[in-house]
Amino acid sequence: MTTTTCDKTPGPILIVEDDSLILELIEELLASTGRSVLAASNGVEARAQVERHPELAAVITDLAMPEMDGTKLIEWLAQDRPDLPVLVLTGTSAQQSGGVLDRYNLLGIIRKPLTDDKIDQLLETLDSLDA
């Protein structure tokens, strides 16, 4: 696993994940690269964070969550914040998501479980935003 550090001060990254261990891991990982991180455990909380923080640089979201799932969050973001990059981090298969993700311009989809290679992919994707 490679850890990179941001030279610029990009806007915060919002992580939307209902698994507290994964949320904490990603928060710590991104914070260690110098990024500012916000967190939400479902789409309802995420929507509130997006509305409060217009300076967000990107959203990393799970799909399967309580209250408002990631698909509904992505649909809302496509309407209200189409400029906001979204990266999906999920254990849900393409078949389970019903192809809905194909309709949106996403930074990418990273499948759980997280491995060192997938964490590197996540960091490289976020770094590409700063380039």
* Asked: Taking a spot 7 Å from the Cα of Glu67 along the direction of its beta carbon, which residues of the stretch 14-29 have an amide N less than 15 Å from it?
  -> 15-20
* Structure fact -> Looks like the stretch 27-131, by Cα gyration tensor root eigenvalues a ≥ b ≥ c and the a/c under 1.5 rounded cutoff (else prolate when a/b is bigger than b/c, oblate otherwise), is rounded
* Structure fact -> Residue by residue through the stretch 83-91, the couplings from Karplus 6.51 cos²θ - 1.76 cosθ + 1.60 with θ = phi - 60°, in Hz, x for Gly and Pro, are 7, 8, x, 10, 10, 9, 10, 8, x
* Structure fact -> For the stretch 41-82, shape from the Cα gyration tensor axes a ≥ b ≥ c, cut at a/c of 1.5 then a/b versus b/c, turns out prolate
* **Residues whose placed amide H lies under 5 Å from that of Ile60, excluding near-sequence neighbours** => Leu14, Ile15, Val16, Leu87
* Assuming a ≥ b ≥ c are the square roots of the Cα gyration tensor eigenvalues, decide whether the stretch 2-84 counts as rounded (a/c under 1.5), prolate (otherwise, with a/b larger than b/c) or oblate. => oblate
* Structure fact -> On the formula 1/(1 + (r/R0)^6), with r taken between the Cβ atoms of Arg81 and Thr115 and R0 of 22 Å, the FRET efficiency rounded to 0.05 is 0.15
* **Average projected area [Cα convex hull, the stretch 18-65], square nanometres** => 3.3 nm²
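Computed from the coordinates by the stated procedures, all read-outs in this text should not be read as laboratory data. Just so it is clear, the structure is predicted and the values come from calculations on it, not from any experiment. Positions of Cβ are backbone-derived with ideal geometry, glycine not excepted, and every protein chain shown enters the neighbour counts.
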